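So the structure is just underneath, and the comments pick up after that.
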Amino acid sequence: MSLDINKIKEQIEHGNTSLGIELGSTRIKAVLIGEDHTPIASGSHDWENRFVDHIWTYTLEDIWTGIRDCYGKMAEDVKETYGITLTTIGSIGFSAMMHGYMAFNKEGDLLVPFRTWRNTITGPASGKLTEVFRYNIPQRWSIAHLYQAILNKEEHVKDIDYLITLEGYVHWKLTGRRVLGIGDVAGMFPVDIHARDFDQKRVEQFDQLVAGENFPWKLRDILPKALVAGEDAGVLTEEGAKLLDASGNLKAGIPMCPPEGDAGTGMAATNSVAVRTGNVSAGTSVFAMVVLEKELEHVYPEIDLVTTPAGDMVAMVHCNNCTSDLNAWVNLFKEFSEAMGMKADMNQLFGTLYNKALEGDSDCGGLLAYNYFSGEHITHFEEGRPLFVRTPDSRFNLANFMRVHLYTSLGALKTGMDILLKKEHVKVDSILGHGGLFKTKGVGQRILAGAMNAPVSVMETAGEGGAWGIALLASYMRCREEGETLDAYLANKVFAGDKGTRMEPVKEDVEGFEAFMKRYAEGLAIEKAAVEHMKD
C-alpha cells in the first residue's frame with residue numbers, strides 16, 4: 001500500500017494527473033485521477049436551483065462559490081491523504097448539465113438570469129424551429145431559448161455578444177476561450193456530424209427567420225467554436241487559477257480539454273462512445289443513448305439527437321419515470337414485514353422481491369401497471385397517476401406483480417426505443433446498464449435485455465459518474481497517442497480490465513415484453529382517465 005501511495009504522490013507532484021469537475025443539478029463534484037485513470041481524490045458541493053420570476057436558475061455567485069468549494073475540498077483531500085499541497089495538474093476538464101441559456105454582452109455581463117434545462121417556457125419556439133429545421137428541437141435547447149426570447153420581444157437580445165451553456169461559460173472564464181465540446185454543441189443547435197460543427201444550412205435558415213429583427217449579430221457571431229474530444233481548448237490563465245482555487249496555490253498554464261455536457265461525460269464514464277453501443281441510466285428517471293451508424297430517416301419528438309464527445313451522432317430517449325413506483329411498492333412490503341414483527345433489511349427485501357419477479361410469467365400473467373408519478377412526454381402525458389390494473393382472470397401472484405412493476409419501469413423507454421429499433425432499424429451490439437435498477441445482481445439487467453432484445457452489461461465503474469467521465473476526457477487529450485480514437489483509448493486503456501457482466505436476452509423475455517407492451521399501449525386510455533378523474 002505504501003508503494004501505491006508513493007507512486008500516487010509522485011504522479012501528483014509531477015502533474016501526471018487529470019481533474020474533472022461536473023456541475024450537476026444538485027451537486028458539483030470534482031474527481032482527480034492518476035495515470036491508471038482511477039480516482040485518487042475527490043470533493044463535492046451540494047447546491048439547489050432557485051425558482052425566481054417563474055424561471056429555474058442558479059446565480060453566478062452560486063456557480064463560483066460551488067466550484068471553489070468543490071475544488072477546495074478535493075485539494076484538501078489530496079493534502080490529508082498524501083501530505084501534498086496541490087499546485088499543478090496535468091489537465092483539467094469541466095462539464096455540466098446540458099442546454100439552457102446564458103447570454104452575455106460585449107462587456108461580459110450576464111444579460112438575464114441563467115435559464116437552465118429544467119425550464120419549459122419555450123414551447124412556441126421549439127415547435128416553430130422543429131418545423132423550419134425539420135429536426136427535433138426540444139424546449140431545453142439553447143436555440144429554443146434564444147428564439148423564444150425573440151418571440152417575446154425581450155430587450156436584451158440585441159445586446160447579445162456570446163450565447164453559451166453552463167460548462168462553456170465556466171471554461172471561458174478560466175481560459176478566455178469561447179469553445180464548447182461537440183456533445184453540448186449538439187445540445188445548443190443541430191450539428192453536421194460530417195463537419196463536426198454547427199449545421200451551417202440550419203444556421204442560415206435561422207438567420208433568415210429572424211432577418212426582420214435587424215439584430216447587429218448573425219447566429220455564428222454569438223456561438224462558441226465547436227471542438228471534439230482531444231482537441232486543444234486552451235490553458236488555465238492566471239485569472240482563471242485565482243477563480244478556481246481560493247487558496248492561490250494552483251499555478252496557471254494547465255491544459256484544459258473541451259468542456260462537455262453531462263450526456264457526453266456519461267457516455268465516457270460507461271465506455272459507450274463506439275458506434276452501435278448504448279447505455280441506459282435507470283433510477284428515478286431513465287434514459288437511453290445509442291450511438292448511430294447514420295442519421296435517422298425521420299424526425300421524432302420522442303427522440304433527441306446529440307453526439308458523443310468525438311462527434312458521432314447519438315439518439316437519446318429520455319423518460320421522467322422509472323423506479324419511484326417500484327420503490328413505493330417495496331416500501332409497502334417493508335411495512336407489512338414490520339407489522340408481522342420481522343425487521344426488514346432493505347437490500348435483502350429488494351433482492352428477494354426482484355428475484356421473485358424472475359419466477360413470473362414472461363408476459364406478467366396479464367397484469368398491467370403504469371409508474372407515472374409525473375407526466376411522460378414519450379406517451380404524451382402532462383401529468384401522471386401511478387396505476388395497477390388486472391382483469392378477474394389475470395394470473396395475480398407475487399412473482400407476476402413484481403415482474404409487471406419491473407417491466408413498466410421501462411415501458412415508456414421501450415416505447416421510444418422501439419421507434420429506433422423497429423421504425424429506423426438501428427442496430428445495437430451492446431448496452432451498458434447503470435443506476436439503481438441494476439443494483440440487485442442480474443435482475444434489472446435481464447429485464448432490460450428482454451426489453452431491448454440486445455445484450456446488456458453492468459460494470460462496477462459505471463457508478464463513478466460524470467465528473468470521472470470529464471476527467472477521462474481531460475486525460476485523453478493529454479495522454480492519447482497520435483491517431484488514437486476516443487473509443488479505442490477508453491476500451492484499451494481505461495476499461496480493459498473491466499469488461500463487466502454481460503447478459504444475452506432470453507427469448508421468452510423478449511416475447512413476453514412484446515406482449516406486455518401491446519397491453520401497455522392499449523391501456524394508456526385507462527391512465528388518461530385516471531389523470532382526468534383523480535385530481536391531485
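The values are calculated or read from the model by the stated rules, or taken from the named source; none is laboratory data. As the structure is a prediction and not an experimental result, all values here were calculated from the model. Positions of Cβ are backbone-derived with ideal geometry, glycine not excepted, and every protein chain shown enters the neighbour counts. These area figures cover heavy atoms from the full protein model, side chains too; ligands, DNA and RNA do not enter into them. Shrake-Rupley method; radii C 1.70, N 1.55, O 1.52, S 1.80 Å.
Among the numbered conditions (1) closer than 28 Å to Met477 by Cβ; (2) open to solvent by less than 50 Å² (accessible area, probe 1.4 Å); (3) out of contact with any Leu (no Cβ under 8 Å at 6 or more places or on another chain); (4) not acidic (Asp, Glu), the only one that Tyr300 does not meet is (1). The single condition from (1) farther than 30 Å from Lys158 by Cα; (2) touching a Ser or Thr at 6+ places or on another chain (Cβ under 8 Å) that His99 fails is (1).
Take the residues in segment 336-366 that are more than 19 Å from Lys441 (Cβ to Cβ) and not in a helix (DSSP H, G or I); name whichever of them is most open to solvent (accessible area, probe 1.4 Å). So that I can check it myself, show each step before the final result.
Kept after step one, since they are more than 19 Å from Lys441 (Cβ to Cβ), are these residues of segment 336-366: 336-344, 361-366.
From the residues that got through so far, the ones that are not in a helix (DSSP H, G or I) too are 340-344, 361-363.
Working: Met340: 120, Gly341: 69, Met342: 99, Lys343: 188, Ala344: 20, Asp361: 54, Ser362: 40, Asp363: 40 Å².
Among those residues, the one meeting the criterion is Lys343.
Selection over segment 68-107 of residues that are out of contact with any Lys or Arg (no Cβ under 8 Å at 6 or more places or on another chain), open to solvent by 20 Å² or more (accessible area, probe 1.4 Å) and either under 24 Å from Ala268 (Cβ atoms) or without any contact (Cβ under 8 Å) to a residue 12 or more places away in the chain (or both) gives a count of 6. For segment 246-280, the set of residues classified as in a loop (DSSP other than H, G, I, E, B), out of contact with any helix residue (DSSP H, G or I) (no Cβ under 6 Å at 6 or more places or on another chain) and crowded, with 19+ Cβ neighbours inside 10 Å consists of Ile254, Pro258, Ser272, listed by residue number. Can Ser324 be described as in contact with a Pro (Cβ under 9 Å, 6 or more places away or on another chain) and open to solvent by 20 Å² or more (accessible area, probe 1.4 Å)? Answer is yes for this residue. If you go through segment 1-41 and pick out every residue that is more than 15 Å from Ser91 (Cα to Cα) and open to solvent by 70 Å² or more (accessible area, probe 1.4 Å), you end up with 9. For Ala451, the conditions (1) touching a Lys or Arg at 6+ places or on another chain (Cβ under 8 Å); (2) among the aliphatic types (A, V, I, L, M); (3) modelled with pLDDT under 95 all hold with the exception of (3).
In the set (1) of a type in the set (D, E, K, R); (2) open to solvent by 50 Å² or more (accessible area, probe 1.4 Å); (3) part of a helix (DSSP H, G or I); (4) in contact (Cβ under 8 Å) with a residue 40 or more places away in the chain, Asp509 fails one condition alone, (2).
Conditions tested, residue by residue: (1) open to solvent by less than 10 Å² (accessible area, probe 1.4 Å); (2) touching a helix residue (DSSP H, G or I) at 6+ places or on another chain (Cβ under 7 Å); (3) over 28 Å from Gly24 (Cβ atoms).
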site: Leu387; (1), (2), (3): no, yes, yes
site: Phe401; (1), (2), (3): no, no, yes
site: Tyr407; (1), (2), (3): yes, yes, yes
site: Met417; (1), (2), (3): yes, yes, no
site: Leu421; (1), (2), (3): no, no, yes
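Here Gly311 meets each of (1) in a loop (DSSP other than H, G, I, E, B); (2) at negative phi with one exception, condition (2). Restricting segment 455-474 to residues that are in contact (Cβ under 8 Å) with a residue 60 or more places away in the chain and out of contact with any helix residue (DSSP H, G or I) (no Cβ under 8 Å at 6 or more places or on another chain), the residue that is farthest from Tyr520 (Cα to Cα) is Ala474.
Of the residues Gly83, Gly90, which single one is touching a Pro at 6+ places or on another chain (Cβ under 9 Å) and either among the charged types (D, E, K, R) or modelled with pLDDT of 95 or more (or both)? Lay out the reasoning, then the answer.
Working: Gly83 fails: touching a Pro at 6+ places or on another chain (Cβ under 9 Å).
Within the list Gly83, Gly90, the selection yields Gly90.
What are the residues in segment 196-251 that are of a type in the set (Val, Ile, Thr), over 23 Å from Ile28 (Cα atoms) and either modelled with pLDDT under 95 or over 27 Å from the mean Cα position of the chain (by Cα) (or both), if any?
Let us first name the residues in segment 196-251 that are of a type in the set (Val, Ile, Thr), namely 203, 210, 222, 228, 235, 237.
Adding the requirement that they be over 23 Å from Ile28 (Cα atoms) leaves 203, 210, 222, 228.
Val210 - this is the single residue of segment 196-251 that is of a type in the set (Val, Ile, Thr), over 23 Å from Ile28 (Cα atoms) and either modelled with pLDDT under 95 or over 27 Å from the mean Cα position of the chain (by Cα) (or both).
In the set Ala412, Ala451, which member is buried (at least 18 other Cβ atoms within 10 Å of the Cβ), touching a Ser or Thr at 6+ places or on another chain (Cβ under 8 Å) and of a type outside the set (D, E, K, R)? So that I can check it myself, show each step before the final result.
On the way: Ala451 fails: touching a Ser or Thr at 6+ places or on another chain (Cβ under 8 Å).
Checking each option against the conditions leaves just Ala412.
When Glu154 is tested against the conditions (1) within 25 Å of the chain's Cα centre (by Cα); (2) at pLDDT 95 or above, the lone failure is (1). Hey, any hits in segment 131-140 for a residue that's farther than 29 Å from Gly466 by Cα, modelled with pLDDT of 95 or more, open to solvent by 20 Å² or more (accessible area, probe 1.4 Å) and not in a loop (DSSP other than H, G, I, E, B)? Taking every residue of segment 131-140 in turn, at least one turns out to be farther than 29 Å from Gly466 by Cα, modelled with pLDDT of 95 or more, open to solvent by 20 Å² or more (accessible area, probe 1.4 Å) and not in a loop (DSSP other than H, G, I, E, B). The set of residues in segment 108-119 being within 24 Å of Ile470 (Cβ to Cβ) and open to solvent by 20 Å² or more (accessible area, probe 1.4 Å) consists of Leu110, Arg115, Trp117, Arg118. State all residues of segment 304-328 that are within 30 Å of Phe401 (Cα to Cα) and aliphatic (A, V, I, L, M); if no residue qualifies, say none. Listed by number, the residues that qualify are Met316, Val317, Leu326, Ala328.
Determine whether segment 42-63 contains at least one residue that is part of a helix (DSSP H, G or I), open to solvent by 20 Å² or more (accessible area, probe 1.4 Å) and in contact (Cβ under 8 Å) with a residue 24 or more places away in the chain.
Within segment 42-63, one or more residues are part of a helix (DSSP H, G or I), open to solvent by 20 Å² or more (accessible area, probe 1.4 Å) and in contact (Cβ under 8 Å) with a residue 24 or more places away in the chain.
Identify, from the list Ile28, Ile84, the residue that is closer than 20 Å to Leu236 by Cα and either outside any helix (DSSP H, G or I) or touching a helix residue (DSSP H, G or I) at 6+ places or on another chain (Cβ under 9 Å) (or both). The unique qualifying residue is Ile28.
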